[in-house]
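**Q** One structure coming up, written as structure tokens, with questions to follow.
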Amino acid sequence: MRITITQSRSRIMDLIRRAQGGEDVVLVYKGVAVARLVPVVETAGSLDAADETAAGAAPCNPRGPCLTVE
């Protein structure tokens with residue numbers, strides 16, 4: 001499924017549920033695919049948000065890109 005950013009704002013919970021169910025959800029901005037919603041697969045070694053920040057990942061800015069520090 002492809003959906004514009006503008007359209008996705010009012011349907012975010014539906015889009016999240018679709019992604020959780022395995023559907024390919026692609027967000028489009030000005031006709032260009034810019035993001036994909038995918039389910040998170042938890043593994044034994046996965047980090048939670050607090051662990052990621054402690055490990056050096058910068059917190060995400062909701063108005064800009066999420067950056068990680070290596």
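The values are calculated or read from the model by the stated rules, or taken from the named source; none is laboratory data. Model, not experiment: these values are computed from the prediction. Reconstructed Cβ throughout: ideal geometry from the backbone, glycine too, with neighbour counts over all protein chains shown.
**Q** Considering segment 18-32 alone, what residues qualify as being surrounded by 12 or more Cβ atoms within 10 Å (Cβ to Cβ) and free of Cβ contacts under 8 Å to residues at least 24 places away in the same chain?
**A** Answer for segment 18-32, where residues must be surrounded by 12 or more Cβ atoms within 10 Å (Cβ to Cβ) and free of Cβ contacts under 8 Å to residues at least 24 places away in the same chain: Arg18, Ala19, Gln20, Glu23.
**Q** Further question on the same structure: Just one of the numbered conditions (1) assigned to a strand (DSSP E or B); (2) touching a residue at least 12 places away in the same chain (Cβ under 8 Å) is not true of Ala35; which one?
**A** Ala35 satisfies every listed condition except (2).
**Q** Kindly establish whether Pro62 is loosely packed, with under 10 Cβ neighbours inside 10 Å and either modelled with pLDDT of 70 or more or not in a strand (DSSP E or B) (or both).
**A** Answer is yes for this residue.
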